[in-house]
Amino acid sequence: MRVILESKVRKKPSLPIEAEAIIPRNFLKGTDLVVFEGNKERTLSELFWIFVEGTAVSPENIEVVLKGDTSRIKRVGEYMDTGTILIEGDIGMHCGNFMSGGTIEIRGSADAWLGREMRGGTIVCRGNAGHYCATGYRGEKKGMQGGTVEVFGNAGDFCAEYLAGGTVHIHGHTGDFPGVEMRGGELLIEGDATRPCGNMKNGSCVILGTVHDLLPTFEKSGTHLLPERNLEMDVYTGDVANRGKGTMMVASRALRR
Amino acid sequence: MIEQDVVCPFCGCLCDDLEIETDGARIVRVKNGCSLAEATFMNDTRLPAPIRRTEAGWEEISYDEAISETAEILREADRPLLYGWSSTHGETQSIGVHIAELIGAVIDNTSTVCHGPSILAIQEVGHPGCTLGQVKNRADVIIYWGCNPVEAHPRHMSRYTTFATGFFVPEAQRERTVIVVDTRRTDTTNIADEFVQIEHGGDYAVLSALRAIVRGKAHVIPASVAGVAKEQLVRIAEICKNAKFGAIFFGLGLTMSRGKYKNVRNAIELTDELSRHTKFVISPLRGHGNVYGSNEVFTWMTGYPFAVDFARGIAFYNPGETTAVDILRRGECDAALIVASDPGANFPRAAAAHLAKIPTVVIDPHVNATTALSRIHIPCTAAGIDAAGTAYRMDGIPIRLKKVIDRGYPDDAEILRKIYDRLDGGMGP
Amino acid sequence: MTELWVKNACVIDPIRGINGEIMDIAIRDGRIVESVSDRADVIDAHRCLTLPGGIDSHTHVSGTKVNFGRYMSPEDMRAGRTKRRGKMHVTSGYYVPTTFGNSYRYSAMGYTTLLEGAMAPLEARHTHEEFTATPHQDMLANTLFDGNWAVMDAVREHDVRKAAAVVAWTLNAARGYAIKLTNPGGTEAWGWGDDLTSIHEQVPHFAVTPAEIITTLIQANELLRLPHSVHLHCNNLGKPGNYQTTLDTFELVPDLNPARQSLYATHVQFHAYGGGTWRNICSKAEEITRSINSKPQIVMDMGQIMFCRTMTMTADGPMEFNLHCLHHNKWSNHDVELETGSGIIPVTYSKKSAVNCIMWAIGLELALLTKSPWQCLLETDNPNGAPFVKYPEIIGLLMSKRYRDEECATLHAETEKRTSLWALERELDWHEIAVMTRAGQAKALGIASQGKGHLGIGAEADIAIYPIRTDMVDPAREYRKVVEGFQKTRYTIKRGRVVSRDGEIIVDGANATFWVNAKVPEDIRMENDKEFIRRFEQFYTVRMSNYPVQDLYLPRGRCIETEAML
């Protein structure tokens, strides 16, 4: 079954919409869902043209497609556990919060907190991701704990903050402090990174591009050859500002202090 | 008439030993205060009545009219923003929160543009601190990091730290070591026994290095970190470890430079590390007189110190998303009520500009840069001058602001209560 | 005039010796009376369990430290969020809820009076502001004296009268209710990053010991004729082997007051550990209760822990730092000049941890081994051992051996070896639970005479009606019904008004704050003591004139006046 949601033109297009109801499972029982625009409750049909193609008996066979201007829609795919969401354009904040299964594909860019506190499933973002991609919530000790986030463009600051499990793969560059407070999981950055892995406790981070402002508290422990890319990597342990036992690998040719 | 032990409401020091002389209607003399206090009490010019913007310019309107129209603006809004709160007393702040929960607004205070990052850091690692008297009576090592109290908190050093006579530190100036960390020389660095000059944006790296040195990992640290020689870092780590009582104070140089809350977090974790060797505490130098009070009131009422979004009925908090600057910059809100602050002067241009595009109401004793962006300005009392109420000092001590004169203005709490009543049609919060 | 008539109530009122009688209760203008007119509103209790309103004699719900617990915990605020609804404000939080969250949840459980466990006098205004925003319970504040410089000076000079005068002045200034000592002397040592390890070790620079502080203030307390006794959080909290300190402390306590205890020892579970390290920690509940059972002059409360995530917060700064070094989670500390300290860290009590399981068992052992329920009151040191919403489960555990056995079967294997809980057959009855949750508190706090904790004529009409038929429920077997029944009253009546019905708050609250004004002779009043004033102005960072809490912070203040015997 495919559910196509095409956003309607709104009088105040800058108002944020909160739409945690948009997960495949909820469409098993129809499209009579509630979303919020600013402080007002709306039905899904007030904000979207809704088209349903085919039927489904289980949620894993449901694909939800979002079209039109969806850049202000927050919390799409929150607590999603199965099925597919395809977003043709950009998506607002908190896409895939607490997601535990299924797949979200974003053809455009994602706003901040993409895949926040994710536990499983897959998020693929073809464009850029905002700040706090694949992270946690304020005050919480663990960020993303499982699943995969792949971003083909760049990611903003604090990417994979408090990463505790799962895989984060950024094809482009990251901003300031990727992998900060990391305590598990794997972070792969193909592009450049600034001050990676500050205060990391555990987990591993691989950076293929240039590292800016490498922190002084990482202890070089050797080199390692990445066979699939034929790249020699400098291996660091840290962050020794704490009891950190994390591993950070930086392409040897690319270090900038 | 002379009133003793008056509290200055201007900055987070809330010095409570001022002597104010009045001639009934006016303040004629301020004793004991710093120059900022003097200006606060003496240069207090206000609008005579509420004003409303028209095609032809400003017109005076009655309080009733201003209050009705404000209530109407808020009632109509889909995403109202209630911002400010830091220069008024707790009762006003509390009614503000009640209005926000009633109408589904976002309510935020000036922490957003000052120590919001400190709060985020504290929410990650906590805050080993104390009241200022602990520092005054005990501290033999004092660190000022990214701040210039000589200018911004002129009596901080003489009342609470460096020059204050303490029980265990009877000869303050001789017995205390003062370390100042900054990117440039200031009046405060001139007082330092040890000045650490850091390259711009280098605070995080230097703090990490200090933590590592205190943990016995000096061998990892390179010869120079962000422009600071390793020898100096090692020396400072030793001074700190050998202190009987050390205190770090930090300001916007740490919270608002690159890395923001991670800088503060790192400073707190340094304090934590030093606590394993000796007594160490850390505290932010809070700016607005009662900004800490707005954090306290918001917290006990909503669970969060700032940036609280009631759009969904429940309280939601996520700085970066629910903070006033971000909501304005994204053009989200469609009405704003600004109380006891001046975002027109302090916010980034793009954020402030949005205030002019939407109906904005200002409730403030003074005409300020935000007035120029607003539709209505309602003048009121100034907490600590012609209104009494509670304020919280930067270290959490609650102090009662006094009313030293009566100028005939309504209290901002009273104005807000009336707005609440119009919105609720009821008995008030 | 408002009248209410509660009929068909199955009343347990231990202070008046009533145990399960079916009776009617007449209420006029907030107090219990002989009879009411036929115009009174009527509530039919349908023979359900009806008790005086619950009283928590040691909880942390208001003030600087509690609010800092909230401030640093946005992750907890995501739990327990409710919208504004009817008369109810928005609430947030599970283990450190907002003031309204605390008030509504306590009210739903039938609690109508709370004693805030720790208030620093310098920050008293803050506590009172939050009391006002905790509208459905009458509030009292324990006032901290553990590191009070003027008290320690008086103790060193062996001047009990002076110590009493300092207490009287401070209670008055802070609008406080009772003397609280938290790790006496230890919080001052913590001003230098140190702690005290024995009650006979001297406080640095002050040349006094915890034992001297405790004994002097017990005497001062009685000289001032304060309604409550000294309220003590013993030294060495949470350290393996600390039971000896606790026993030594108990040995110091004379029996000075026929109406109540002379010492209230709080959260004793945290002070009843044998062994010497976390590896060999074991229960010393038997030793502790043997002492309590022979000392009517001491009342304690449990300090029960329950398995959950929660927040520890106490004036005991050094203890919190030690705990932080074990947990590596966030840590806040806030020392208060010339008075006390405080610390906060989040913890998770887990059944996988042998230490946590032993702690859990010790709390229950204390309650089951103490012969008189009047001497062991039920609480968790909220939220330190667990948030107060766990009380119904604790009641269930105390009333049912079967429930305990089922829980014990899920614990770490070491627990059985290092505690005696498995062997305890005792199951408490409804009357004992009523004592441990209200009557005992009223007596211990000295507020029975204020009309609290009983339903006699003239008493304040604070009443909890639970959906429990004691004649139809066997708590030993049907403990789930007991737990559910105590979670939500059918009606909570506060000063004659129904404030909560089936867990829903239906009116705005109008609580009162009780405080004590102990009058001392003119010649020893601190406000006339030049040296006291000189030191105050020199070493505090607020002016003495700005220190006392103004009356307007207690919109419904209830002052209890005493004439000191000085």
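Pull out the extension gain between C:Leu252 and C:Glu157, defined as 0.36 nm times the separation in residues minus the alpha carbon to alpha carbon distance; nm, one decimal. Before the final figure, lay out each step's value.
On the way: separation 95, 0.36 × 95 = 34.20 nm, distance 1.92 nm.
Result for the pair: 32.3 nm of gain on full extension.
Go ahead and collect, in residue order, the members of the stretch C:1-28 whose backbone nitrogen is under 16 Å from a label point 7 Å along the Cα-Cβ direction of C:Ser37.
Only C:1-5, C:27-28 fall inside the zone, counting backbone N under 16 Å.
Can you sort B:Lys402, A:Lys142 by how many other beta carbons sit within 10 Å, fewest first?
Fewest-to-most ranking of B:Lys402, A:Lys142: A:Lys142, B:Lys402.
Taking the convex hull of the alpha carbon atoms in chain C, what volume per residue do you get, in Å³? Kindly include the intermediate steps, with their values, before the conclusion.
Working: hull volume 77.0 nm³, N = 566.
Cα-based convex hull of chain C, divided per residue, equals 136 Å³.
For a quick protection proxy, order the peptides C:163-170, C:112-119, B:167-174 by their average other-Cβ count within 10 Å, most packed first.
Numbers: C:163-170: 26.6, C:112-119: 29.1, B:167-174: 13.6.
Highest mean packing first, the order is C:112-119, C:163-170, B:167-174.
Under the definition of Cα pairs under 8 Å and six or more residues apart, what whole-number percent is the relative contact order of chain B? Don't jump to the answer; show the numbers that get you there.
Values: 931 pairs, mean separation 104.2, N = 429.
Answer for chain B is 24 percent.
For helix B:412-424, report the angle its Cα long axis makes with the longest principal axis of the Cα atoms of chain B; keep it between 0 and 90° and round to the nearest 10°.
60 degrees
Taking only Cα atoms, what is the 0 to 90° angle, nearest 10, from helix B:230-241's long axis to the longest principal axis of chain B?
The answer is roughly 80 degrees.
Which one of A:His94, A:Leu28, A:Phe48 is farthest out on the positive end of the charge dipole of the stretch A:1-108, using unit charges on Cβ (Lys, Arg +1; Asp, Glu -1) and the Cα centre as origin?
Farthest along the dipole direction, towards plus: A:Phe48.
Would you please classify the overall shape of the protein assembly as shown from the alpha carbon gyration tensor, given that a ≥ b ≥ c denote the square roots of the eigenvalues, rounded means a/c under 1.5, and beyond that prolate means a/b larger than b/c while oblate covers the rest? Walk me through the numbers on the way to the answer.
Values: a/c = 1.29, a/b = 1.22, b/c = 1.05.
It is rounded, given that a/c, with a ≥ b ≥ c, falls under 1.5.
Go through C:308-321, C:271-284 and give me the packing order, highest mean Cβ count within 10 Å leading. Please report the intermediate quantities before stating the final value.
Numbers: C:308-321: 24.8, C:271-284: 19.1.
For the peptides C:308-321, C:271-284, the packing ranking is C:308-321, C:271-284.
Which of the listed residues, A:Ser71, B:Ala139, C:Ile560, is farthest toward the dipole's positive end in the protein assembly as shown, when Lys, Arg count +1 and Asp, Glu count -1 at the beta-carbon?
Most positive-ward Cα: A:Ser71.
Provide the per-residue ³J(HN,Hα) series for the stretch A:67-77, in order, calculated from phi with Karplus coefficients 6.51, -1.76, 1.60 and θ = phi - 60°, each as a whole number of Hz, with x at glycine and proline positions.
So the J values, rounded to whole Hz, are 10, x, 7, 10, 6, 9, 8, 9, 6, 5, x.
Once you charge only the Cβ atoms, +1 for Lys and Arg and -1 for Asp and Glu, what is the size of the charge dipole of the protein assembly as shown about its Cα centre, to the nearest 20 debye? All intermediate terms of the calculation are to be shown ahead of the outcome.
Numbers: 135 positive and 155 negative charges, 314 e Å.
Here the size comes out at about 1500 debye.
Compute, for the stretch A:77-161, the length of the dipole vector about the Cα centre, with Cβ point charges of +1 (Lys, Arg) and -1 (Asp, Glu) only. Units Debye, rounded to 20. List each step's numbers first, then the result.
Working: 7 positive and 11 negative charges, 41 e Å.
Here the stretch A:77-161 has a charge dipole of around 200 debye.
Calculate one ³J(HN,Hα) per residue across the stretch C:310-322 by plugging θ = phi - 60° into the Karplus curve 6.51 cos²θ - 1.76 cosθ + 1.60, and present them in order as whole Hz with x for glycine and proline.
With the stated coefficients, the stretch C:310-322 comes to 8, 10, 9, 8, 7, 6, 7, x, x, 4, 5, 5, 4 Hz.
Choose one of B:Ile397, B:Ile419, B:Tyr409: the residue whose Cα lies farthest towards the positive end of the charge dipole of the stretch B:386-429 (beta-carbon charges +1 Lys, Arg; -1 Asp, Glu; about the Cα centre).
Highest projection toward the positive end goes to B:Ile397.
Calculate the mean, over all residues of peptide B:92-99, of how many other protein chain Cβ atoms lie within 10 angstrom of the residue's Cβ.
Numbers: counts 0, 0, 3, 0, 0, 2, 3, 0.
Average neighbour count from other chains, rounded to a whole number: 1.
Classify the stretch B:168-212: rounded, prolate or oblate, from the alpha-carbon gyration tensor (a ≥ b ≥ c, eigenvalue square roots; a/c under 1.5 rounded; otherwise prolate if a/b is larger than b/c)? Walk me through the intermediate numbers first.
Numbers: a/c = 4.37, a/b = 1.66, b/c = 2.63.
Oblate, since a/c reaches 1.5 and b/c is not below a/b.
Using Cβ counts within 10 Å as a stand-in for footprinting exposure, how do C:Met306, C:Met544 rank, fewest first? List each step's numbers first, then the result.
Working: C:Met306 19, C:Met544 16.
Sorted ascending by nearby Cβ count, the order is C:Met544, C:Met306.
List the residues whose amide H sits under 5 Å from the amide H of B:Thr177, counting only those 5 or more places along or on another chain, with H placed 1.01 Å from N in the peptide plane.
Sorted by chain and number, the residues that satisfy this are B:Val141, B:Ile142.
Let me have the 222 nm mean residue ellipticity of chain C computed from DSSP H runs of 4+ only, each contributing -39500 (n - 2.57), with the sum over all residues rounded to the nearest 500.
Working: 19 runs with 169 residues, N = 566.
For chain C, the value works out to -8500 deg cm²/dmol.
Whose amide H sits under 5 Å from the amide H of C:Gly557, counting only residues 5 or more places off or on another chain, with H placed in the peptide plane?
Under 5 Å from the amide H of C:Gly557 lie the amide H atoms of C:Thr513, each far enough along the sequence or on another chain.
Give the lysines whose C-alpha is closer than 22 Å to that of C:Lys7, dropping any in the same chain fewer than 8 places away, or say none.
Partners within reach: C:Lys452, C:Lys488, C:Lys494.
Mind listing the phi-derived Karplus ³J(HN,Hα) values for the stretch C:39-50, rounded to whole Hz, using 6.51, -1.76 and 1.60 with θ = phi - 60°, and x for any glycine or proline?
8, 5, 5, 10, 10, 8, 7, 6, 6, 7, 4, 10
Once both axes come from the Cα atoms, what is the angle between helix B:116-125 and the longest principal axis of chain B, in degrees from 0 to 90, rounded to 10?
Helix B:116-125 sits at roughly 50 degrees to that axis.
May I ask which of A:Lys142/C:Lys87; A:Lys12/C:Lys83; A:Lys74/B:Lys262; B:Lys260/B:Lys418 have a Cα-Cα span longer than 28 Å here? Kindly include the intermediate steps, with their values, before the conclusion.
Values: A:Lys142/C:Lys87 37 Å; A:Lys12/C:Lys83 26 Å; A:Lys74/B:Lys262 26 Å; B:Lys260/B:Lys418 39 Å.
With Cα atoms farther than 28 Å apart: A:Lys142/C:Lys87; B:Lys260/B:Lys418.
Considering only the protein assembly as shown, what is the antiparallel percent among its DSSP beta bridges, to the nearest 5? Let's see the in-between values first.
Values: 87 of 212 bridges.
Counting only bridges with both partners in the protein assembly as shown, antiparallel ones make up about 40 percent.
What spacing in nm lies between the two simple spin-label points modelled at C:Arg558 and B:Arg46, each 7 Å away from Cα in the Cβ direction?
That separation, rounded to one decimal, is 3.9 nm.
Run the dipole for the stretch C:257-308 about the Cα centre, Lys and Arg Cβ at +1, Asp and Glu Cβ at -1, nothing else charged, and hand back the magnitude in debye, nearest 20.
On the way: 5 positive and 3 negative charges, 15 e Å.
Roughly 80 debye for the stretch C:257-308.
Within 10 Å of each Cβ in peptide B:317-325, how many partner chain Cβ atoms are there on average? Round it to a whole number, please. Could the numbers behind the result be given before it?
Values: counts 7, 9, 2, 9, 9, 0, 0, 0, 0.
Average per residue, whole number: 4.
With the Cα gyration tensor of chain A giving a ≥ b ≥ c as the square roots of its eigenvalues, does the rule (a/c under 1.5 for rounded; else a/b larger than b/c for prolate; else oblate) give rounded, prolate or oblate?
On the way: a/c = 2.41, a/b = 2.26, b/c = 1.07.
Prolate shape, in that a/c is at least 1.5 and a/b is the bigger ratio.
List every residue whose amide H lies under 5 Å from the amide H of A:Arg42, counting only residues 5 or more places away in sequence or on a different chain, with H placed 1.01 Å from N in the peptide plane.
Excluding prolines and chain starts, which carry no amide H, the hits are A:Val35, A:Phe36, A:Glu37.
Values in this text are rule-based calculations from the coordinates and carry no lab data. What you see is a predicted model; the values in this text were computed from it and never measured. We place every Cβ from the backbone using ideal geometry, glycine too, and count neighbours over all the protein chains shown.
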